[in-house]
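First comes the structure, then the notes that go with it.
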Amino acid sequence: MTGNDPDNLARVRNRKAEAAHGGGHRKSLRVMAGAFAAVLVSAGCSSGIPEGSIVMTQCPAERAATNEPRDLLDQRYPPGSRVVLLSPPFSAVAVRVLSEGLLAAGNPVVCFTGERVFFAGKKSASDSWQIYESKLNGRRPIVRTSMPGGAMDPAIISSGDLVFSSPVPEAGKTWSTKTPAALYVQVQGEKPRQLTFGTAAAVEPTVLADGRVLFVSARPGGNPMESGAGLFTINNDGTEFTAFALAGQDSLHVRRPREIPGSRIAFLAAMEHGCDKSSVETVLMARPFKSRTSLFPFQTGGVFSVEPESSGTFLVCLDANGCAESPDASLYRIEPGCSVLPPPLFEDRNWRQIEAAQVEPRAKPVGRVSTVVPGKKTGTLLCLDANLTRHRAGNSSPQVKAERVRLVASAGEGTHASLGEVPLEPDGSFIVKVPADVPIGIETLDSQGEVLYRLPPMLWVRPGENRSCVGCHEPYNRSPSNKRPMAVNTAPVTLTITDP
Amino acid sequence: MTKSGYITAGLVVLLAIGSLVYGARAWSIHHVRVWTGRQDLGYVSCNNCHFQRIEKLPWAKPRPRHAAPSGLAISRDGTRIYIALDDLDEVVEGDIATGMITRRVAVAGAPFALALCEEGDRLFVACRNADRVVTLETCGLKEVDSVEVGDAPVAIAFSRTPAGDRLVVANSISDDISVLEAAPLREIVRPQAGREPFAVAISQDGSRAYVANRLAVPETFLCVPASELTVLDPGRGRVLNRAPLISAHLSEGAAAVPGRDWSLVPLVKVRNLIPITQVANGWVMSCGLAIADRQGNITQIPIDEAHDYFADPSGIAVDPAGKRAYLASAGSDIISVVDLDKLEGWLAKADDTTREEAIYDLSLSLEYVVARIPTARNPRQLAMSPDGGTLFVSERLNDSVLMIDTATLEPRGRIVLGDGGLHDPIRRGESVFTKASHTFQRQFSCRSCHPDGHVDGLSYDFDGDGIGDNLLDNRSLQGVAGTKPFKWIGTNPSLEVQCGPRFARVLMRTEPIPPNDLKDLTAYLESLPPTRWEQKHNKPLTPSQERGKEIFFATETADGTPIPRERQCHTCHRPPLFTNRLLSSVGTQGPRDATDMFDTPHLLGIAHSAPYLHDGRAKTLEELWTVYQTNDLHGVSSYMDKHQLNDLIEYLKTL
C-alpha cells in the first residue's frame, strides 16, 4: 500500500490544492519552514547523530569486587555499567558514553524526537538511583528526578513527560518490599505525581500507542511467585487501572513489556526469578489473555532485552549460551519469523550488552485529557452486576447469588480497614463513592454474610474518577450489555474509612 | 474653551452616552420581557429574535461538490463498473482493466444506489433527493424509465422471482420499502420498514429480500433499543419477518450468503443505557455482525478486538462461493475479512449461551476475522466481481474506488474519480467527522452517533454531571448553523467549544481535536442543511398544514381566550429558525435533572429527529402534548382536539 498510502495521497493533494489556490509568499515561507523542520526531524536528530544509531547499556564483563548489591538496579547494573551511543558500522572503539560521570547507568529510553535519552543512573555507591536525561550529542547527563528511595524504569508519555517507578526495590525483593514501588509522572518543573496506588509493586512501565501506560505488577497477594505477575494498564493520569494480560496464569517473572508490530506485546518471561532463564514471549493485543506464545522459539533463556525497530526487526540483547553470568551477552538484530539466531550485530568481549534501543524519531502515543479532578477526595465505583463473574458468566449457574458487597481499604502493612457494606440492587448493580488514591478491596456476600468472591485491596480510583466494571471477576475483555443499572437510579453512598 | 470647559463638556457627553446606553439597555430588557412574556430574562441580544435570514446561513449557500462514490455495480462480464456520484448528480461507467472512467451520464436527484438486472442491460438507480428510481440502458447509458418511490431511497436490489423481475428499494426517510416491477418500472407495494431502511440484499434463490434498518424505532423511554431486519418476499412484496437486532443499530449494509442461507448485517452494538463512565472495553459502543438464518435466529458477533476497534461498519459483500465476507469500517478505513467457514465452525461448536454472549466477548473476532485491509478515507459501499476475484470499495471521502485482489487481499489498483477535495474545508471537516482515530482506540467517530450529521434516536448518560443524572437526547446537527448556544442546557457558545477539549474529556477520552481540524469540522457541521430542506422549502401547504400553521402562530385559543405570550409556540420557536435560542422551562424537568431550563431547539427537520424533549422521553411529536404536557407549560394545547393536534403536527412536519 506504500504507493497508494491514503495519507500521503492526501498530503500531496493538499499541497497541490494549496499551490493551485495561491497563497503567496507567506504560504511558501510556511512550506519552506515546514520542510526545514521535516528535514531536521527526518535526520533523526539535529545533533548530527548518524542514521541507524543505537543506544545501549553495557555492563563490565568482569565484575569489580564490590559489596553485595543493595537494590534491584545495583544488581542489574553493577558499577561501571554505562549507557552508550553506538553508530554504524558498530565498532567497539567508536562508542560514545552518554552516562559520563555516573558510577552506573542503564535502562535507556529514547524520546520521540530521537534527540534525547532518559535512563536510570547513580553517581556514587552511596547515592540512590535516579532518572537522568542526556542529549545524544554526548553532553553530561542531567538528573531529572530526586525521589526518596530512588527512581527507575523511565518511559515517556505523549506530552513528553517522564513516567517512572519509585522507590527502587531492594535486591530480590521487588514484590516483598514494605513500600511497594509505584509509578509516577514527572512534569518538568513540577513535583512528581503518583499514578498507581496498589498494594503490589508497579514496575517496568512502557507507553502503548493508544496512550495507556502498560506495566508489570502482581495479582492480589503481592507476590508473583505465589499468584503470578501480570501486565496491567492505566491511563496516563492513573485512572482506569485494568488487568491487561497474564493475570492468573502460571507463576512467572515478567519484565520489559513492549508494544511490537502486529499489535502484540512482547515481554521477557521466566518461570524462575532471574534474567538467566528469560525468554521472549508475546501476547496479541486482540486477545491478550488467550494468546501467549514464544517470539523466538530458538532462544529459551538468556534474553536481557528486546526492542522493536521501525523496520519491523528486533534489537535483542542476549547470551547465546542462555547464561546471564557469561561475558558473551551481545546485541542481535533479529528478523521476525527468524528460526535461528543470526550472528551478533555487535559484541565486545570487555562489555556485556544487556539493553539496546533504536535512535530515531517515532510516532507519539495518543494523548488524553485527564479526568482527574484535583482537590476531590473521592471517586465513584459503579459495578453493573456483581454476580457476573468469569466463573459463571452470564448468570447461567444456579450458584448462590451475592446480595451485598463489603468494601475495604488497605491500611498498610497487610491490614485492611472497613469502608462499609452496600446492598446490591436486584440486577446486581451497586454504586459507591470511595476515598480516592487508596487501594480498595471488594467482597461479595451472600444472604448469610458469607464471602462469595474476594478482591483484596488492589484497585483504586483517582480523585473525581468514575470507575466502572461489568462484574466482579468478570470475563476478561468483556463489554457490557446495554441495560440501565438500577443502582444509578439513586445517588451513590459515600463510604469512608471507619475502623482500621 | 478652557480646560475645565473641555472636562465639563466631556463629562456631559459621557453622561449622555451612558444615559443612552443605559436607557437603550433598559428599553431592550423591557422589550424582551414584553415580547417573550418572561420576566426572568435580562438583556438578550437582538440577534436572538431578529436579523436571522436563512439565505445567510452557511447551509443555504452553494458549496463545492465532489466526486464522492456511493453505490457500485459490476457488469456481469466483470469488465465494467458503474459508480453513483450523488454529490455530482452523475452515474459513471469505468473500465476495470484500465481503471479509467469511460462514460458519464447525468442523473438528477442524487443517484445513490445502483443495481443491475440479471442480463446486465439495465441499470437501476435510486435517487436519494428526487425520491425516484431511474432505469438506465447500459448500452447507451441513457435514462429510459423512472418511477416515484418513498422518501430518500438509498438502497436497491434486483430480484428475479417467479412473479417477475422485481426491485426492492429502501426508502430511508419515509421508513418504507418500495417493491417495484422492474420493466416497466411500476411500484407494486410499499410496506412499512423499521426506521431508516438503508440496505437491501436478495437471497441466492431470489425468494427473500433482507432490508437492514439503520435506526431503532423509538419505544418506551429507557428501554433497550432494537433496529429491525425486515425480511420480505420480493415477488409479492409481503413482509415475512421483522427480526429485532437487540441493542444494535446503524446497519448500513446487508448481504445474503450463497450456500448457507444466512443474511449478514453489520451493526453497531450500542450501550446508551449505561452511564458513559469510560470508553474502554466497548463501554459506549462496539461493532459487530448479525447473522440471521432462515428461521429468523440471529447471532451477533463482534468484529472489534480487545484493544482495537473498527468503527462505523458500513457496506458488506460476500464472494459468490459464500466463503468470505468483506466488511467496510468507514470510521477506521479498514476492510475486515471474515472467513465464513471458520465462522460456521465456531457457531457449530458454540452453545446457545455462548452465541448469546458472543457479541460481548471482544477477544472473539480472531476466530473468524482473517485479515484487515487498509483503505483510503471512509470506505462505504462494497461490490464483488461476478467471479469473486476482485472486491470494489467506494472510498467516499477520497473520491476513489479501491480494487482489492481477493486472492492476495492486496490492492490491485484504484479508480480515481476526483481530487479528494482537500482544498475544501467542508470536505476536510467531513473527514474529521467520520474519522474514528480521534477517539480512544478508534472506537467511534462523530458519525457513529450522528449518521449523516443527524440523530441516532437515542438518549445518553454522560458522567460529567453525575452518574445517572441529566440524561440527554442526541440532537441533530443538521441545520445547526445559527442556533447557538449548543448543548441542551445551552452552556456551549459555539461549535468549537461544543466539540473541543470538553468533548475530548467526556467522550473521546483522548486529546482534543487539533484547532485546524476543529475549524474544518465546524465548517462541515454548519454546511449541513436541515433534513429534507430542499424538498420541503417553499412548498405549498395542504389544508391540514395550513390549519396547523394557524395554531402554531395563534395568540388565542379556539374560544378566543388569549394565550399568554410565553406559551405561544412562535414566541420561543420563532421563525425563521424556529428558535429564539434562549433557555426555557416547559415543565419537563425529570427527577434526576439538575435544571428545568433547557435550550429551545430549532424545529427545522423536526419530523425526522425523534425522540423528543431534552432526555428523549417523548417518542413522537404527539406525545409532547398527549403525554408529557404539564399545565400547558409547553404551549397551550389543552384546548386542542385530536384533529387540531394532528394539524399542528402536520405543520411541524413541513418545517
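The values are calculated or read from the model by the stated rules, or taken from the named source; none is laboratory data. Note that the structure is a prediction, hence the values are computed from the model and not measured. Cβ coordinates were reconstructed from backbone atoms using ideal geometry, including for glycine residues, and neighbour counts include every protein chain displayed. Quick note on the areas: whole protein, heavy atoms, side chains included, nothing else; ligands and nucleic acids left out. Shrake-Rupley method; radii C 1.70, N 1.55, O 1.52, S 1.80 Å.
On the given criteria, is residue B:644 surrounded by fewer than 22 Cβ atoms within 10 Å (Cβ to Cβ) and part of a loop (DSSP other than H, G, I, E, B)? Spelling it out, it is not the case that residue B:644 is surrounded by fewer than 22 Cβ atoms within 10 Å (Cβ to Cβ) and part of a loop (DSSP other than H, G, I, E, B). Restricting attention to region B:524-540, does a residue exist that is crowded, with 18+ Cβ neighbours inside 10 Å and without any contact (Cβ under 8 Å) to a residue 40 or more places away in the chain? The answer is no; no qualifying residue exists.
Evaluating residue B:193 against the criteria (1) without any contact (Cβ under 8 Å) to a residue 40 or more places away in the chain; (2) surrounded by fewer than 24 Cβ atoms within 10 Å (Cβ to Cβ) leaves one unmet condition, (2). Has region B:429-437 got at least one residue that is surrounded by fewer than 19 Cβ atoms within 10 Å (Cβ to Cβ) and either basic (Lys, Arg) or farther than 30 Å from residue B:117 by Cα (or both)? Scanning region B:429-437, I find at least one residue that is surrounded by fewer than 19 Cβ atoms within 10 Å (Cβ to Cβ) and either basic (Lys, Arg) or farther than 30 Å from residue B:117 by Cα (or both), so the answer is yes.
Here's the yes/no breakdown for (1) in contact with a Pro (Cβ under 7 Å, 6 or more places away or on another chain); (2) of a type in the set (Asp, Glu):
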| position | (1), (2) |
| --- | --- |
| B:128 | yes, no |
| B:141 | no, no |
| B:148 | no, yes |
| B:152 | no, no |
| B:157 | no, no |
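Of B:402, B:422, B:397, all but one fail to be crowded, with 23+ Cβ neighbours inside 10 Å, more than 18 Å from residue B:71 (Cα to Cα) and facing chain A (nearest Cβ under 10 Å); the exception is B:422.
Per the listing A:98, A:86, the residue uniquely within 17 Å of residue A:360 (Cβ to Cβ), more than 24 Å from the chain's Cα centre (by Cα) and crowded, with 19+ Cβ neighbours inside 10 Å is A:86.
Give the residue, chosen from B:330, B:317, that is out of contact with any Phe, Trp or Tyr (no Cβ under 9 Å at 6 or more places or on another chain) and buried (at least 24 other Cβ atoms within 10 Å of the Cβ).
Details: B:317 fails: out of contact with any Phe, Trp or Tyr (no Cβ under 9 Å at 6 or more places or on another chain).
The unique qualifying residue is B:330.
Residue check, residue B:441 against (1) away from chain A (no Cβ under 14 Å); (2) buried (at least 23 other Cβ atoms within 10 Å of the Cβ); (3) part of a helix (DSSP H, G or I), all met but one. Which one? Unmet condition: (1).
Taking the conditions exactly as written (touching a strand residue (DSSP E or B) at 6+ places or on another chain (Cβ under 6 Å), among the basic types (Lys, Arg) and modelled with pLDDT of 95 or more), does residue B:428 satisfy them or not? It is false that residue B:428 is touching a strand residue (DSSP E or B) at 6+ places or on another chain (Cβ under 6 Å), among the basic types (Lys, Arg) and modelled with pLDDT of 95 or more. Among the residues of region B:372-394, those that are open to solvent by 20 Å² or more (accessible area, probe 1.4 Å) and within 14 Å of another protein chain (Cβ to nearest Cβ) comprise B:372, B:374, B:377.
Quick one: would you say residue A:312 is away from chain B (no Cβ under 11 Å), assigned to a loop (DSSP other than H, G, I, E, B) and farther than 25 Å from residue A:114 by Cβ? Answer is no for this residue. Remark: residue B:183 matches the filter, which requires a residue to be under 29 Å from residue B:92 (Cβ atoms), outside any strand (DSSP E or B) and over 16 Å from the mean Cα position of the chain (by Cα). Is it fair to say residue A:209 is modelled with pLDDT of 95 or more, surrounded by fewer than 21 Cβ atoms within 10 Å (Cβ to Cβ), in a loop (DSSP other than H, G, I, E, B) and not acidic (Asp, Glu)? So residue A:209 fits the description; yes.
Cβ-Cβ contacts under 7 Å between residues 6 or more apart (or on different chains), taken from a first residue in region B:572-601 that is on the phi > 0 side of the Ramachandran plot to a second residue that is buried (at least 19 other Cβ atoms within 10 Å of the Cβ) and among the β-branched types (Val, Ile, Thr), are listed as B:581/B:483; B:581/B:600. Residue B:446 fulfils the conditions (1) within 11 Å of chain A (Cβ to nearest Cβ); (2) open to solvent by 20 Å² or more (accessible area, probe 1.4 Å) except for a single criterion, (1).
For the condition open to solvent by 10 Å² or more (accessible area, probe 1.4 Å), closer than 19 Å to residue A:104 by Cα and not basic (Lys, Arg), what is the one hit in A:198, A:189, A:149? Walk me through how you get there before you give the answer.
Details: A:198 fails: closer than 19 Å to residue A:104 by Cα; A:189 fails: closer than 19 Å to residue A:104 by Cα.
It is A:149.
The condition (being in contact with a helix residue (DSSP H, G or I) (Cβ under 8 Å, 6 or more places away or on another chain), within 27 Å of residue B:39 (Cα to Cα) and either at pLDDT 95 or above or of a type outside the set (S, T, N, Q) (or both)) is satisfied by just one residue among B:541, B:582, B:528, B:604: B:582.
Evaluated against (1) in contact with a Ser or Thr (Cβ under 8 Å, 6 or more places away or on another chain); (2) open to solvent by 50 Å² or more (accessible area, probe 1.4 Å), residue B:514 falls short on exactly one condition, (1). Scanning region B:207-235 for residues that are surrounded by fewer than 21 Cβ atoms within 10 Å (Cβ to Cβ), within 28 Å of residue B:612 (Cβ to Cβ) and more than 14 Å from every other protein chain (Cβ to nearest Cβ) yields a single hit, B:217.
Against the definition (of a type in the set (Gly, Ala, Ser) and under 22 Å from residue B:250 (Cβ atoms)), how does residue B:400 come out, yes or no?
Working: of a type in the set (Gly, Ala, Ser): yes; under 22 Å from residue B:250 (Cβ atoms): no.
Spelling it out, it is not the case that residue B:400 is of a type in the set (Gly, Ala, Ser) and under 22 Å from residue B:250 (Cβ atoms).
Pairs linking a residue in region B:483-504 that is modelled with pLDDT of 90 or more to a residue that is of a type in the set (Gly, Ala, Ser) and assigned to a helix (DSSP H, G or I), with Cβ atoms under 6 Å and 6 or more positions apart or on different chains, do not occur.
Can you confirm whether region B:368-378 contains a residue that is under 21 Å from residue B:88 (Cα atoms) and assigned to a strand (DSSP E or B)?
Here is the first cut: in region B:368-378, the ones under 21 Å from residue B:88 (Cα atoms) are B:376-378.
From what's left, assigned to a strand (DSSP E or B): none.
No, there is no match, as no residue in region B:368-378 is under 21 Å from residue B:88 (Cα atoms) and assigned to a strand (DSSP E or B).
For residue A:168, the conditions (1) hydrophobic (A, V, I, L, M, F, W, C); (2) more than 17 Å from residue A:216 (Cβ to Cβ); (3) touching a helix residue (DSSP H, G or I) at 6+ places or on another chain (Cβ under 6 Å) all hold with the exception of (2).
Taken over region B:34-63, the criterion of being β-branched (Val, Ile, Thr) and more than 15 Å from residue B:533 (Cβ to Cβ) is satisfied by B:34, B:36, B:44.
When you check residue B:353 against the structure, is it within 12 Å of chain A (Cβ to nearest Cβ) and polar (S, T, N, Q), yes or no? Let's see the steps before the verdict.
Working: within 12 Å of chain A (Cβ to nearest Cβ): yes; polar (S, T, N, Q): yes.
The answer is yes for residue B:353.
Where strands (runs of 3 or more DSSP E) fall wholly inside region B:236-347, no range has 3 or more residues that are without any contact (Cβ under 8 Å) to a residue 40 or more places away in the chain and either away from chain A (no Cβ under 14 Å) or charged (D, E, K, R) (or both).
Listed here are the strands (runs of 3 or more DSSP E) enclosed by region A:410-500 that have at least 3 residues being within 14 Å of chain B (Cβ to nearest Cβ) and either in contact with a strand residue (DSSP E or B) (Cβ under 9 Å, 6 or more places away or on another chain) or crowded, with 20+ Cβ neighbours inside 10 Å (or both): A:430-435, A:466-469.
Do we have any residue at all in region A:214-233 that's modelled with pLDDT under 95, open to solvent by less than 10 Å² (accessible area, probe 1.4 Å), more than 14 Å from the chain's Cα centre (by Cα) and within 14 Å of another protein chain (Cβ to nearest Cβ)? Within region A:214-233, none of the residues are modelled with pLDDT under 95, open to solvent by less than 10 Å² (accessible area, probe 1.4 Å), more than 14 Å from the chain's Cα centre (by Cα) and within 14 Å of another protein chain (Cβ to nearest Cβ).
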